[in-house]
Amino acid sequence: MGGTFDPIHYGHLFAAHEVMSGLRLDSVIFVPAGIPPHKRYDGMAAAAERYEMTLLAVAENGRFGISRTELERPGKSYTLDTLKAMGARYPGSDFFFIAGMDAVLEIATWRDPFEISSLCTIVTVQRPGYDKSGLENLPQGIKGSLRVIETPMLGISATDIRNRVREKRCVRYLLPEAVRAYIEKNGLYAGSETKAAGG
Ligand code: NAP
């Protein structure tokens with residue numbers, strides 16, 4: 001499961017669990033993006049901090065794991081490189097790349113999207129307010145390896161959590177308590193957030 005996880009919250013954990021049960025996967029490995037290729041804002045927590053928060057969150061479930069591959073690889077975190085690294089690490093496994101709908105809607109703009117779809121099944125979960133009709137416009141070669149999992153949806157968003165922290169509003173019950181305590185202890189998301197140029 002790939003994502004920026006800034007911060008990880010119960011929406012991500014719930015979606016991961018739904019996909020794991022729905023597709024009968026053995027486990028879900030969370031892969032925090034080192035340097036996300038499509039960065040959208042300044043003020044993002046450091047990769048090491050996002051990794052540590054994700055590590056705290058996945059500790060709650062014995063079938064959840066975490067990978068440092070995107071933190072250890074220099075340069076932007078391309079999914080293709082991650083899938084190749086996973087293939088070498090777990091030979092003979094079937095891979096499912098899980099990501100949020102708005103990320104998957106842009107997959108045709110990623111590096112080598114057709115090779116990505118040849119290496120895994122791409123899985124996305126529908127969230128409130130997201131219209132999945134845009135997926136119909138993806139090239140046939142990508143659509144063929146795409147699965148959309150319909151779940152009772154949780155409207156929790158990392159952006160909302162960061163805004164709440166900045167405004168000193170409560171974030172309890174939106175994310176694991178250990179992650180909330182980490183944010184507080186390390187003073188994350190206190191400064192203002194501005195949109196960054198894409199790329
Ligand atoms: P992200 O910000 O982590 O997620 C994109 C959106 O989907 C956010 O609104 C996020 O919500 C939501 N989301 C995340 N997980 C979800 C889930 N399981 N169910 C429903 N919604 C979910 O996305 P990103 O970091 O840009 O990209 C996601 C993955 O795609 C990463 O692994 C990234 O490396 C990869 N990617 C690869 C390329 C490339 O190879 N060129 C380009 C772009 C992205 P929150 O804001 O609440 O987290």
Discussion item. Under a Cβ-only charge scheme (Lys and Arg +1, Asp and Glu -1), can you give me the dipole magnitude of the stretch 2-156 about the Cα centre, in debye to the nearest 20?
Written reply: 200
Worksheet, complete the sentence: For the chain, the Cα convex hull volume per residue in Å³ comes to 121
Worksheet entry | Potential lengthening between Ala88 and Thr151 on full extension [0.36 nm per residue; Cα-Cα distance subtracted] | 19.5 nm
Response to the item:
The exposure ranking of His38, His12, fewest beta-carbon neighbours within 10 Å first, is His38, His12
Response to the item:
When the chain is treated as a Gaussian network with springs between alpha carbons less than 10 Å apart, the largest mean-square fluctuation among Pro152, Pro176, Pro113 is found at Pro152
Discussion item. I want the antiparallel fraction of DSSP beta bridges within the chain, as a percent rounded to 5.
Written reply: 5
Response to the item:
Along the stretch 82-91, Karplus-curve 3J(HN,Hα) (6.51, -1.76, 1.60; θ = phi - 60°) to the nearest Hz, with x for Gly and Pro, reads 5, 5, 5, 5, 5, x, 6, 6, 10, x
Worksheet entry | Ordering of 53-62, 18-27, 83-92 by burial proxy (mean other Cβ atoms within 10 Å per residue, highest first) | 53-62, 18-27, 83-92
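No lab work stands behind these numbers, since they all come straight from the coordinates. Computed from a prediction, not measured in an experiment: that's the story for all the values here. Neighbour counts run over all protein chains shown; Cβ positions are idealised from the backbone, glycine included.
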